[in-house]
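What follows is a single structure, written as structure tokens, with notes after it.
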Amino acid sequence: MSTIADNVLRVSARIRQAAAAAQRDEADVGLLAVSKTKPAAAVREAFGAGLKDFGENYLQEALGKQLELGDLPLTWHFIGPIQSNKTRAIAEHFDWVHSVDRLKIAQRLSEQRPAELPPLNICLQVNVSGEASKSGCTPAELPALAAAVAALPNLRLRGLMAIPEPTEDRAAQDAAFGAVQRLQAQLDLPLDTLSMGMSHDLEAAIAHGATWVRIGTALFGARDYGAR
């Protein structure tokens, strides 16, 4: 049975190969370990294998892990949908938020970010596939939202995040990730981040400029949602 360390090596090799194929520096592609539903022990094991960036979707679960793993120098990314009543804890306990899709949420995060902490790194989530079940602003809403968020004082707008409709069709993957890359290029802002690509499609995402790939299953195995 594969250990998390084995899986880190395998995923890192995929990132390296995809970056080479895209004529990119593999150092420009970060591996964000999606640890939602996984125990703190699995995060500790992944840290031992060289990872330090971890993505969580569920606030209470994440806060528990942060307490348990407070001895480790980890960087925490919130990557799930955000309710208004959760913004204070997210602003206080995370380094990155990848899933901002409304100005109201961004304003609350800015107002509630503690003064002693650096600006909160923000990605705007774009619903590039137009799926009704997915969070994210529309491509048409993006320019105004990006300009407004970039002006908020305690946030640093870094770029875009997307979760395209799942498919094994490489051409469809390329079309979706290419669309996100073009949307970012059209924004007249100093952005450096594209958070896109998961276990099944990281190669296509890297080909279209991903700087964070969010990997869960390929690192930790299938998720047990009943364990939450």
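The numbers here are math on the coordinates, done by the rules we state, and not lab data. Keep in mind it's a predicted model, so treat the numbers as computed, not measured. Don't worry about glycine lacking a Cβ; one is built from the backbone with ideal geometry, like all the others, and counts go over all protein chains shown.
Just the residues that are assigned to a helix (DSSP H, G or I) and in contact with a Leu (Cβ under 6 Å, 6 or more places away or on another chain), please, taken from the range 146-172.
ALA146, ALA148, VAL149, ALA150 - these are the residues of the range 146-172 that are assigned to a helix (DSSP H, G or I) and in contact with a Leu (Cβ under 6 Å, 6 or more places away or on another chain).
Please determine, by comparing only the residues of the range 39-53 that are charged (D, E, K, R) and under 15 Å from HIS77 (Cα atoms), which one is nearest to the chain's Cα centre (by Cα).
ASP53
Answer yes if at least one residue in the range 36-52 is surrounded by 18 or more Cβ atoms within 10 Å (Cβ to Cβ) and touching a His at 6+ places or on another chain (Cβ under 6 Å), and no otherwise.
No - not one qualifying residue is present in the range 36-52.
Inside the range 38-136, counting only strands (runs of 3 or more DSSP E) that do not spill past its ends, which hold 3 or more residues that are closer than 25 Å to GLY221 by Cα?
Working: elements: 53-56, 75-78, 96-100, 120-126.
Passing ranges, in order: 53-56, 75-78, 96-100.
Do you know which residues across the range 2-30 are assigned to a loop (DSSP other than H, G, I, E, B), exposed (fewer than 12 other Cβ atoms within 10 Å of the Cβ) and within 20 Å of the chain's Cα centre (by Cα)?
Result: ASP25, single match.
Working carefully through the options LEU219, LEU191, LEU202, find the one that is touching a residue at least 12 places away in the same chain (Cβ under 8 Å), under 25 Å from ARG16 (Cα atoms) and touching a Gly at 6+ places or on another chain (Cβ under 9 Å).
Criteria check complete, one pass: LEU191.
Residue by residue, here is whether (1) under 17 Å from CYS123 (Cβ atoms); (2) in a loop (DSSP other than H, G, I, E, B); (3) under 16 Å from the mean Cα position of the chain (by Cα) holds:
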{"site": "ASP174", "(1), (2), (3)": "no, no, no"}
{"site": "VAL180", "(1), (2), (3)": "yes, no, yes"}
{"site": "LEU183", "(1), (2), (3)": "yes, no, no"}
{"site": "PRO190", "(1), (2), (3)": "yes, yes, no"}
{"site": "HIS200", "(1), (2), (3)": "no, yes, yes"}
{"site": "GLY209", "(1), (2), (3)": "yes, yes, yes"}
{"site": "VAL213", "(1), (2), (3)": "yes, no, yes"}
{"site": "LEU219", "(1), (2), (3)": "no, no, yes"}
